[in-house]
Amino acid sequence: MDIAHNIKRRRMELNLSQQELAQAVGYRSRSTIAKIEGGEIDPPLSKLMSFSVALDTSVEALLTGSRPAWEESASVPAGDGKGNIAIILAGGKSTRNMQNIPNQFINVLGKPVIVYCLEVYQSHPLIDDIYVVCTDEWKAITAAYARQYGISKLRGIVPAGETGVLSVRNGLERVQRAGASPTTTVVLQESTRPFVTEEMVSKLLQSCAKEGHAIICEPMSDNVQFMLDGGSARYLERSKVVDLQSPEAYRAEVLGEVFRRAERRGHPLKESCTGMLRYNLGMPLNFCEGTHNNIKIVRQEDIAIFTALLKHRD
C-alpha cells in the first residue's frame with residue numbers, strides 16, 4: 001500500500017473530511033488532499049509530520065502502512081481479520097421509471113446507476129469485500145460491469161429474494177459461507193441510492209462498531225409535518241422525525257439474530273429493508289445522520305434529479 005492509500009485509510013478511520021484534514025495540515029482547501037489521496041501528487045516531506053499529527057499516527061505508518069501499537073484498537077475494527085463487507089442490494093424490479101429496466105441498471109451520464117455505488121465501496125479503504133445481490137437475468141451484466149469499471153473487490157453475485165429482507169438473508173448466508181466471522185461488519189447498500197459517499201460509510205462503520213448496528217437517516221427539513229390517520233391529522237414535531245435511508249450496517253452476529261428472531265416468531269419477511277424488519281420485531285434502531293443528496297432512484301423524475309446533481313458535482 002502506498003502513502004496515498006495510507007493517508008486516505010487513516011482519515012476514514014477517524015471520520016475526517018478532506019476539508020478538515022486540509023485545514024489541520026495547513027492547506028486552504030480539500031483539493032490538495034484529494035490530489036494526494038488520488039495519487040496525483042505526493043505530500044512534501046516537510047508536511048509528513050503535520051499529516052502524522054493530524055491523523056494521530058506516525059510518519060512510518062503513513063509511509064509503510066504499518067500500524068503502531070496504539071492503533072491496533074482503531075475506531076473502525078476489521079472484525080477478527082475478516083474485514084468489512086458490503087452487500088449491494090440490486091434485486092429490485094422497477095415499474096415506475098418508464099424504461100422497462102430496473103432503476104439500478106439505467107445508464108446515467110455514461111455509467112449505470114449501480115456502478116456509482118460500487119465505485120464508492122471499491123475506493124473505500126475500510127471495505128475489503130463486495131457482494132451484489134441481483135436477479136438471475138442481471139448476473140452476467142453485473143459481472144461485466146465489474147470488469148469494465150475495475151471493481152476488483154467483487155467476490156460474488158448472489159440470487160435475489162422475493163423481498164428486500166429475503167435478499168439480505170441470501171447475502172448474509174453467502175458471506176457466512178465465505179468465512180465471515182460473527183464480528184464481521186456487513187454494510188447493506190441499496191443500489192438505487194447512488195449518492196452514497198465514503199464519508200457516509202465511514203460514519204456508519206464507526207457507529208456500528210459502538211452499537212453493533214446503524215442506519216443512515218435524514219432528519220426532516222420541511223417546516224410542517226402531519227400524519228393522516230382515519231381522516232384526522234396529527235402534527236409531528238420536525239426534530240423528532242427522520243427519513244430511514246440506506247446504507248445500513250450490522251455485525252454479522254447481530255444481523256443473524258434478526259433473522260433467527262423472525263423465524264422463531266413465524267414472521268413473513270415481507271419488509272423492504274432490515275431496519276423496518278427490526279422495528280416490526282420490536283428491536284432497537286440506531287440512526288446515523290446522512291446527507292440531503294442521498295436520494296433514491298424510484299421514478300423518472302428521480303433520474304433527472306440525479307443527472308442534474310451529477311453535473312453540478314462535476
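Which condition number does Pro102 fail, the rest of (1) under 30 Å from Ala308 (Cα atoms); (2) open to solvent by 10 Å² or more (accessible area, probe 1.4 Å); (3) at pLDDT 95 or above; (4) touching a Cys at 6+ places or on another chain (Cβ under 9 Å) being met?
Unmet condition: (3).
Can you find a residue that is of a type outside the set (A, V, I, L, M, F, W, C), assigned to a loop (DSSP other than H, G, I, E, B) and either open to solvent by less than 20 Å² (accessible area, probe 1.4 Å) or at pLDDT 60 or above (or both) anywhere in the range 78-87?
To start, the set of residues in the range 78-87 that are of a type outside the set (A, V, I, L, M, F, W, C) comprises 79-84.
Now restrict to residues that are assigned to a loop (DSSP other than H, G, I, E, B): 79-83.
This time we only want the ones that are either open to solvent by less than 20 Å² (accessible area, probe 1.4 Å) or at pLDDT 60 or above (or both), so: 79, 83.
Yes, the range 78-87 has at least one match.
Among the residues of the range 131-174, how many are among the aliphatic types (A, V, I, L, M), within 19 Å of Ile215 (Cβ to Cβ) and either modelled with pLDDT under 95 or out of contact with any strand residue (DSSP E or B) (no Cβ under 9 Å at 6 or more places or on another chain) (or both)?
The initial filter retains those residues of the range 131-174 that are among the aliphatic types (A, V, I, L, M), namely 132-133, 140-141, 143-144, 146, 151, 154, 157-158, 160, 165-166, 168, 172.
Filter once more, so that each one left must be within 19 Å of Ile215 (Cβ to Cβ): 133, 165-166, 168, 172.
Filter again for either modelled with pLDDT under 95 or out of contact with any strand residue (DSSP E or B) (no Cβ under 9 Å at 6 or more places or on another chain) (or both), leaving 165-166.
Count: 2.
Considering only residues that are touching a residue at least 24 places away in the same chain (Cβ under 8 Å) and under 22 Å from the mean Cα position of the chain (by Cα), look in the range 17-32 and name the one that is surrounded by the most Cβ atoms within 10 Å (Cβ to Cβ). Outline the logic, then answer.
From the range 17-32, those touching a residue at least 24 places away in the same chain (Cβ under 8 Å) are 17, 21, 24-26; that's our starting set.
Next cut, under 22 Å from the mean Cα position of the chain (by Cα) only: 17, 21.
Numbers: Ser17: 15, Leu21: 24.
By that ranking, first place goes to Leu21.
Among what's in the range 265-314 and is in contact (Cβ under 8 Å) with a residue 40 or more places away in the chain and among the small types (Gly, Ala, Ser), pick the residue that is nearest to Lys111 (Cα to Cα).
Of everything passing the filter in the range 265-314, Gly290 is nearest to Lys111 (Cα to Cα).
Can you name the residue in the range 123-145 that is of a type in the set (Val, Ile, Thr) and free of Cβ contacts under 8 Å to residues at least 60 places away in the same chain and, of all such residues, is farthest from Ile303 (Cα to Cα)? Quick ask: steps written out before the conclusion?
We begin by selecting, within the range 123-145, every residue of a type in the set (Val, Ile, Thr); these are 127, 130, 132-133, 135, 141-142.
Among the residues that remain, those that are also free of Cβ contacts under 8 Å to residues at least 60 places away in the same chain are: 130, 132-133, 135, 141-142.
Details: Ile130: 25, Val132: 22, Val133: 22, Thr135: 22, Ile141: 21, Thr142: 20 Å.
Selected residue: Ile130.
Under the condition of being open to solvent by less than 20 Å² (accessible area, probe 1.4 Å) and among the β-branched types (Val, Ile, Thr), which residue from the range 136-160 is nearest to the chain's Cα centre (by Cα)?
First pass over the range 136-160, keeping only residues open to solvent by less than 20 Å² (accessible area, probe 1.4 Å): 142, 146, 151, 156, 158.
Imposing the further condition that a residue be among the β-branched types (Val, Ile, Thr) reduces the set to 142, 151, 158.
On the way: Thr142: 18, Ile151: 15, Val158: 18 Å.
The qualifying residue nearest to the chain's Cα centre (by Cα) is Ile151.
Residue pairs, Cβ under 9 Å, 6 or more apart or interchain, first in the range 105-122 and surrounded by fewer than 19 Cβ atoms within 10 Å (Cβ to Cβ) and modelled with pLDDT of 95 or more, second not in a helix (DSSP H, G or I) and not aliphatic (A, V, I, L, M). List them.
Glu119/Lys111; Glu119/Tyr149; Glu119/Gly150; Gln122/Tyr149; Gln122/Gly150; Gln122/Ser152; Gln122/Lys153
Restricting to the range 256-314, name every residue that is part of a helix (DSSP H, G or I) and small (Gly, Ala, Ser). Steps first, answer last, please.
Quick first cut of the range 256-314, residues part of a helix (DSSP H, G or I) only: 256-265, 274-280, 300-313.
Selection gives Gly256, Ala262, Gly275, Ala304, Ala308.
Consider only pairs whose beta carbons are under 7 Å apart and that are at least six residues apart or on different chains; among these, list those whose first residue lies in the range 83-94 and is more than 10 Å from Tyr131 (Cβ to Cβ) and whose second residue is open to solvent by 10 Å² or more (accessible area, probe 1.4 Å) and among the aliphatic types (A, V, I, L, M).
Asn84/Ala78; Gly91/Ala160
Given the range 192-246, what strands (runs of 3 or more DSSP E) lie entirely inside it while holding 3 or more residues that are open to solvent by 50 Å² or more (accessible area, probe 1.4 Å) and of a type outside the set (A, V, I, L, M, F, W, C)? Give the derivation first.
Details: elements: 213-219, 225-229, 232-236.
By residue number, 232-236.
In the range 34-57, how many are open to solvent by 20 Å² or more (accessible area, probe 1.4 Å), without any contact (Cβ under 8 Å) to a residue 40 or more places away in the chain and either part of a loop (DSSP other than H, G, I, E, B) or aliphatic (A, V, I, L, M) (or both)?
Total satisfying the criteria: 11.
Output yes when any residue across the range 161-174 is small (Gly, Ala, Ser), open to solvent by less than 30 Å² (accessible area, probe 1.4 Å) and assigned to a loop (DSSP other than H, G, I, E, B), and no when none is.
Quick first cut of the range 161-174, residues small (Gly, Ala, Ser) only: 161, 164, 167, 171.
With open to solvent by less than 30 Å² (accessible area, probe 1.4 Å) added as a condition, the list becomes 161, 164, 167, 171.
With assigned to a loop (DSSP other than H, G, I, E, B) added as a condition, the list becomes 161.
Looking for residues that are small (Gly, Ala, Ser), open to solvent by less than 30 Å² (accessible area, probe 1.4 Å) and assigned to a loop (DSSP other than H, G, I, E, B), one finds at least one in the range 161-174, hence yes.
Each row is one residue, and each column tells you yes or no for (1) modelled with pLDDT of 85 or more; (2) more than 25 Å from Ser207 (Cα to Cα).
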position	(1), (2)
His5	yes, no
Arg9	yes, no
Gln23	yes, no
Gly26	yes, yes
Lys35	yes, yes
Leu45	no, yes
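The values are calculated or read from the model by the stated rules, or taken from the named source; none is laboratory data. All values reported here derive from a predicted model rather than from experimental measurement. Positions of Cβ are backbone-derived with ideal geometry, glycine not excepted, and every protein chain shown enters the neighbour counts. The protein model used for the area step is the full one, side chains on, heavy atoms only, and it has no ligands, DNA or RNA in it. Shrake-Rupley method; radii C 1.70, N 1.55, O 1.52, S 1.80 Å.
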